[in-house]
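Visitor: The structure under discussion is supplied below as structure tokens; questions concerning it will follow.
Every number here is computed from the coordinates shown, using simple stated rules; none is lab data. Keep in mind that this is a model prediction, so the values were computed, not measured. Neighbour counts are summed over all protein chains in view; Cβ atoms, including those assigned to glycine, are modelled from backbone coordinates with ideal geometry.
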Amino acid sequence: MPSKLPCRIVAACRGVWPARFAILVLLVAAGVRGEDWPRFRGPNGAGVSPWKFPTRWEEKDYAWQVELPGRGHSSPVIVGSRLFLTAGEEQSGRRGVLCLDADTGRMLWQRWFPAQTHRKHRLNTFASATPTADRKRVYVAWATPQHYWVRALSHQGEVLWERDLGPYQSGHGHGVSPIVYRNLLIVPNEQNGPSRLVALDCATGRQVWSLPRESKTTYSTPCVYHPPGHPPALIFTNWHYGITAHDPATGRMLWQARVFGRPQIETAIGSPIVAGSLVVGTCGWLGRTVHLVAVRPEKQGDSWTVRTAFHIRRSAPLTTTPVAVGGLLFFWSDQGIATCCELPSGKVLWRRRVGGTYYGSPIYAGGALYAISADGEAVVLAAARRFRVLGRVELGQPSNSTPAVARGKMYLRTVSRLFCLKATGREQPEP
């Protein structure tokens, strides 16, 4: 359960945190136990870990590596010593949930579900949505033109409940990841057909609330915003609505910032993040304008005022999600251009071409940024005010996945292989 302590800390910091202090706040705010990585990009989707890892490594440096059945772009999630992942079979359309021992890579169980093959983007797979997990269950979401299945499994692989949210219309296929908030499973269902945001009871799958949305296909994964002195809110991004905040208990919209381009249809693919007192979201259309917008929500009486802090269009990311740490915001465009800007001003400190194409998002770990290119090159940059490439390592297979970090280990996924790298130490919170 989220603590009230971070609200007081955030109010004092107002968005400019020392790096180590920021990591501590993120972990406490997410209610992390045992340093789990329970959803896409870890606690609250921030993509931040205090563990330090090598910036260059060789084959012999892996703790382990394993071949995976099927193919997929989903990222690993880790709860305790169990790692959960999804995979799909391109020929049959079957979808699978995989459970591995996070320490050894040993496959503990696999559970496969029949499904149809269908049209999707050539860069997509049948397992692009990252699962989410808590201490009792792992939750997965898949969609075909006929069905949008949401399932809960025990940590031993038993199917506990399943729910069909109906048809799913998208020429590019499915890819949005669910999240757990307290006792609710939050499932975005924004598509070219009837769209809605859905909250299900984690224990039973019972629908708690459903909010209709005017939408096109959206792939961004929500996060939680803890405004100082006010209850937490779920944050969603969407071309039509912009950045919106919602009451987790009812789905009611609390505030809205229509900050993206409305003249043409766009898509929110990268996920929103919280950066101190700011909420950052992205949206756009490849070959046209792409937006990265930071807004500052403030409660005034009974209503919210939401002001734009900064708006960046040059080399903004469409598919990847930014990282905020130490008073800096880092983001990686799909075309391989990395940018660092100050928070909360948005002043660009550097913008440099790294090379490659990126669909997996960067994460921060122990002072460095780690990202995997679509060709399977792990690139490591210094998370600093000066641009430095710290390392480049070939993984040997294509990858559209985002690294995961838990309990002193980093997990790197390619389309059909999983690598585990051990930490060399960890950052300590500043006194």
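Visitor: What is the gain in length, in nm to one decimal, between residue 154 and residue 169 on full extension, counting 0.36 nm per residue of separation less the C-alpha to C-alpha distance? Display every interim value, and only then the final one.
Guide: Working: separation 15, 0.36 × 15 = 5.40 nm, distance 2.94 nm.
Here the segment from residue 154 to residue 169 would lengthen by 2.5 nm.
Visitor: Please work out the FRET efficiency for the pair residue 116 and residue 416, using the Cβ-Cβ distance as r and a Förster radius of 30 Å; give the result to the nearest 0.05. Walk me through the intermediate numbers first.
Guide: On the way: r = 22 Å, r/R0 = 0.72.
Between residue 116 and residue 416 the formula returns 0.90.
Visitor: Nearest 500 deg cm²/dmol is fine: what mean residue ellipticity at 222 nm does the chain get from its DSSP H runs of n ≥ 4 alone, each adding -39,500 (n - 2.57), divided by its residue count? If you can, show how the numbers build up before the last one.
Guide: Numbers: 2 runs with 20 residues, N = 431.
Mean residue ellipticity at 222 nm (helix-derived): -1500 deg cm²/dmol.
Visitor: A further question on this structure: Add +1 for every Lys or Arg and -1 for every Asp or Glu among the other residues with Cβ under 10 Å from the Cβ of residue 338, and state the total.
Guide: Details: positive: 351, 352, 353; negative: none.
Charge balance near residue 338 sits at +3.
Visitor: Residue 393: net charge of surrounding residues, Cβ under 9 Å, Lys/Arg +1, Asp/Glu -1, itself excluded? Could you put the intermediate results ahead of the total?
Guide: On the way: positive: 56, 392; negative: 58, 377, 394.
Residues near residue 393 contribute -1 overall.
Visitor: Identify the residues of the range 405-431 with backbone N under 12 Å of a label point that sits 7 angstrom from the Cα of residue 90 along the Cα-to-Cβ direction, or state none.
Guide: 415-416
Visitor: While we're on this one: What FRET efficiency comes out for the pair residue 67/residue 230, r = Cβ-Cβ distance, R0 = 30 Å, nearest 0.05? Display every interim value, and only then the final one.
Guide: Values: r = 48 Å, r/R0 = 1.60.
Computed FRET efficiency for residue 67 and residue 230 comes out at 0.05.
Visitor: Return the FRET efficiency for the residue pair residue 52, residue 81: r is the Cβ-Cβ distance, R0 is 30 Å, and the value is rounded to the nearest 0.05.
Guide: Details: r = 21 Å, r/R0 = 0.71.
That gives a FRET efficiency of 0.90.
Visitor: Let me ask another. Would you mind checking 136/216; 347/422; 136/422; 216/422 for any pair whose Cα atoms are more than 31 angstrom apart? If you can, show how the numbers build up before the last one.
Guide: Values: 136/216 33 Å; 347/422 35 Å; 136/422 26 Å; 216/422 41 Å.
As for pairs spanning more than 31 Å Cα to Cα, those are 136/216; 347/422; 216/422.
Visitor: Multiplying the sequence separation of residue 350 and residue 407 by 0.36 nm and subtracting their Cα-Cα distance, what value in nm do you get? The partial results should precede the final answer.
Guide: Details: separation 57, 0.36 × 57 = 20.52 nm, distance 3.21 nm.
Length gained between residue 350 and residue 407: 17.3 nm.
Visitor: Run the quick spin-label model on residue 207 and residue 300: label points 7 Å from Cα toward the beta carbon, then report their separation in nm to one decimal.
Guide: So the two model labels end up 3.7 nm from each other.
Visitor: Follow-up. By the scheme Lys and Arg +1, Asp and Glu -1, what is the net charge of all other residues having a beta-carbon under 14 Å from that of residue 220? Please report the intermediate quantities before stating the final value.
Guide: Details: positive: 39, 41, 213, 216; negative: 190, 266.
Around residue 220, the charge tally is +2.
Visitor: If you average the C-alpha positions of the range 373-394 and of the range 81-105 separately, how far apart do those two centres end up, in angstrom?
Guide: Answer, in whole Å: 27.
Visitor: Here is a further query. Would you mind calculating the relative contact order of the chain from Cα pairs under 8 angstrom and at least 6 residues apart, reporting the percent as a whole number? Mind dumping the intermediate values first?
Guide: Numbers: 1218 pairs, mean separation 69.7, N = 431.
For the chain, the relative contact order is 16 percent.
Visitor: Next question, about the same structure. Quick check for me: using +1 on Lys/Arg Cβ and -1 on Asp/Glu Cβ, what's the dipole size of the chain about its Cα centre, in debye to the nearest 20? Kindly include the intermediate steps, with their values, before the conclusion.
Guide: Numbers: 52 positive and 28 negative charges, 141 e Å.
About 680 debye.
Visitor: Something else about it: So how far, in whole Å, is the C-alpha centre of the range 301-362 from the one of the range 152-204?
Guide: Between the Cα centres of the range 301-362 and the range 152-204 lies a distance of 28 Å.
Visitor: If you don't mind, there's one more thing I want to ask. So what's Rg/Rh here for the chain, counting alpha carbon atoms and using the Kirkwood radius for Rh? List each step's numbers first, then the result.
Guide: On the way: Rg = 19.6 Å, Rh = 21.2 Å.
Expressed as Rg/Rh, it is 0.93.
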